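Engineer: Take this structure, written in structure tokens, and hold onto it; I'll ask about it next.
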Amino acid sequence: MENDFSGELITTGSELMLGRMVDTNSAWLSETLGGTGLRIVRHTSVGDDLPRLIQAFRLGWEHSPVTVVTGGLGPTEDDLTRQAAAEAFGRELVYREDLADGVRDMFRRRGYIMTDNNLRQAWLPRGALVVPNVLGTAPGFALAEPGKLMVFLPGVPPEMKRMVRDWLLPRLKEQFPAVDRRIRTVVLKTAGLGESLVDNRIGDLMAPGFNPTVGLLAAPDQVRVIVTAEGRTDEEVEARLAPTLAELEKRLAGHVFAHGEVSLAQVTAALLKEQDLCLTILDAITQGRLSGALAPSLEPENWGGAQDLPWQPTLSGTMEILRLYAPDSAALQADEEDSWPSRRRGREIRLIVTARPDQDAPPPRPGETALVIETAVQRETLHQGQPLIRHFSLGGITGRALTRTSAMAIFHLWQVLSGQGDQ
């Protein structure tokens, strides 16, 4: 990376160590500060332990130009951040009457009774800069030297975010004027390929030190490709991003369903609405998972309902399901010369899911399954009414396998609607 303006985040609180709270502050700070050109290179979480906090603060100051600490500024006995900062840098705590007045005024305006322990929030390390907190009683503070800035903020997210916007972002521009960079991240969401297959296709673009950087984040049934570019101007950033994004789209053709945080179900629903289609699901496998995943994203006019069919090994294929549950389908009238145009229903599109036991797989253990899944998309005006069919083997824990079947069926439907499937 060309950008060596790096920073780190330290979150404090034993509640984080115990799993009682999720650290959302670090994610928001990484994204927000990254947009200024500050590259966050380390996240550290520390419980309410004075020696460990002192050590973490000293390491942050030593290793990074900018360190942001959140948490531990409240009025209780386990709020140790002020004391730890003072001891870490050999600065005595001093009482600030102006801060005490601010605490009293906040309680008075809110109509609350103030106990004396709230005045602990008026003590700061000597020489610290005050970071105003207009939403709460705990002021933040900062320690600054040329080329160094350590900022201590409350852990309450709304208070922390307001203080970052009002104080920290302007301070970064003021103290580090030579840093003038832009950072932009684009997320390509893919389906139908596992993490290892995506890596196999694009691994050479993920080498360390590239600008843009390319990384992967796998989740069930989808893989995010995260592309981040840096530059001194927005134009430079876009110029760096464009060829990499184009190459990724080329290598992952037929699998990139969105840029940004939108689900495959939402994208598929939008295509159904755009094409004025009404979806009907005939599902002999997923036990309602498929309709449960798709239906909440659909408009009423695009939803024709779902039939959850009782699966049995003899119900072995799409055509049999059509014979039983859609006998007027054009797919069943192929031998009648004029039947399919006269019978077509222009708005209806069917998504059909069935399976047969996978004879080539080892016998499944209790609670597991081994199936050859068949998904089909059928529309009277598409492919002369003949279903577009896909097969894939799927096994493992039954619940997970059926959830994955649902995702693969939606992916198949998306490919057909977007023109990236078999036509």
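The values are calculated or read from the model by the stated rules, or taken from the named source; none is laboratory data. Remember, it's a predicted structure, so these values are computed and weren't measured experimentally. Quick reminder, even Gly has a Cβ in these numbers, built from the backbone with ideal geometry, and neighbours come from all protein chains shown. Note: areas computed on protein heavy atoms with side chains; ligands, DNA, RNA excluded. Shrake-Rupley method; radii C 1.70, N 1.55, O 1.52, S 1.80 Å.
Engineer: Residues of the range 397-413 being touching a Gly at 6+ places or on another chain (Cβ under 8 Å), among the hydrophobic types (A, V, I, L, M, F, W, C) and assigned to a helix (DSSP H, G or I), which ones?
Structural biologist: Ala401, Met408, Phe411
Engineer: Being under 38 Å from the mean Cα position of the chain (by Cα) and over 16 Å from Pro75 (Cα atoms) is the filter; apply it to the range 89-124 and report the residue that is modelled with the highest pLDDT.
Structural biologist: The extreme case among them is Phe89.
Engineer: Which condition number in (1) more than 30 Å from Leu18 (Cα to Cα); (2) assigned to a helix (DSSP H, G or I); (3) touching a helix residue (DSSP H, G or I) at 6+ places or on another chain (Cβ under 8 Å) is the one that Ala85 fails?
Structural biologist: That leaves (1) as the condition not met.
Engineer: Same structure again: Can you pull out the residues in the range 128-178 that are small (Gly, Ala, Ser) and surrounded by 13 or more Cβ atoms within 10 Å (Cβ to Cβ)?
Structural biologist: Ala128, Gly136, Ala138, Gly140, Ala142, Ala144, Gly155
Engineer: Then there's this: Give the number of residues within the range 209-223 that are more than 30 Å from Leu413 (Cα to Cα) and assigned to a loop (DSSP other than H, G, I, E, B).
Structural biologist: 4
Engineer: Still on this structure: Quick check on my filter: what residues within the range 387-422 are surrounded by fewer than 19 Cβ atoms within 10 Å (Cβ to Cβ), farther than 18 Å from Gly192 by Cα and in contact with a strand residue (DSSP E or B) (Cβ under 8 Å, 6 or more places away or on another chain)?
Structural biologist: Across the range 387-422, the qualifying residues are Ile397, Thr398.
Engineer: Further question: Between a residue in the range 318-331 that is of a type in the set (S, T, N, Q) and any residue that is outside any helix (DSSP H, G or I), which pairs come within a Cβ distance under 7 Å, given they are 6 or more apart or on different chains?
Structural biologist: Note: pairs meeting the criteria are Thr318/Ile352; Thr318/Thr354; Thr318/Glu374; Thr318/Ala376; Thr318/Pro387; Thr318/Ile389; Ser329/Gln378.
Engineer: Now for a separate question. Quickly run through the range 47-82 and pick out the residues that are touching a residue at least 40 places away in the same chain (Cβ under 8 Å) and in a helix (DSSP H, G or I).
Structural biologist: Within the range 47-82, Leu53, Ala56, Phe57, Gly60, Trp61, His63, Thr81, Arg82 qualify.
Engineer: Also, quick follow-up: Out of curiosity, is Asp204 of a type in the set (Asp, Glu) and out of contact with any helix residue (DSSP H, G or I) (no Cβ under 6 Å at 6 or more places or on another chain)?
Structural biologist: Yes.
Engineer: Another one. So is Val41 in a strand (DSSP E or B), over 26 Å from Leu135 (Cα atoms) and touching a Ser or Thr at 6+ places or on another chain (Cβ under 7 Å) or not?
Structural biologist: Yes: the conditions hold for Val41.
Engineer: Going by the structure shown, is Asp101 under 20 Å from Val131 (Cα atoms), out of contact with any Lys or Arg (no Cβ under 8 Å at 6 or more places or on another chain), of a type outside the set (Lys, Arg) and open to solvent by 50 Å² or more (accessible area, probe 1.4 Å)?
Structural biologist: Yes.
Engineer: Does the range 195-206 contain at least one residue that is out of contact with any strand residue (DSSP E or B) (no Cβ under 6 Å at 6 or more places or on another chain), surrounded by 14 or more Cβ atoms within 10 Å (Cβ to Cβ), in contact (Cβ under 8 Å) with a residue 40 or more places away in the chain and not in a helix (DSSP H, G or I)?
Structural biologist: Looking for residues that are out of contact with any strand residue (DSSP E or B) (no Cβ under 6 Å at 6 or more places or on another chain), surrounded by 14 or more Cβ atoms within 10 Å (Cβ to Cβ), in contact (Cβ under 8 Å) with a residue 40 or more places away in the chain and not in a helix (DSSP H, G or I), one finds none in the range 195-206, hence no.
Engineer: Spot the failing condition for Glu380; the list is (1) assigned to a loop (DSSP other than H, G, I, E, B); (2) at pLDDT below 90; (3) farther than 23 Å from Gly192 by Cβ; (4) open to solvent by 10 Å² or more (accessible area, probe 1.4 Å), and only one is missed.
Structural biologist: (4)
Engineer: Also, I was wondering about something else. Could you tell me whether the range 315-337 includes any residue that is of a type outside the set (A, V, I, L, M), out of contact with any His (no Cβ under 8 Å at 6 or more places or on another chain), in a loop (DSSP other than H, G, I, E, B) and modelled with pLDDT of 90 or more?
Structural biologist: So far as the range 315-337 goes, no, none of its residues is of a type outside the set (A, V, I, L, M), out of contact with any His (no Cβ under 8 Å at 6 or more places or on another chain), in a loop (DSSP other than H, G, I, E, B) and modelled with pLDDT of 90 or more.
Engineer: Within the range 23-38, work out how many residues are open to solvent by 10 Å² or more (accessible area, probe 1.4 Å) and at pLDDT 85 or above.
Structural biologist: The number of residues fulfilling the criteria is 8.
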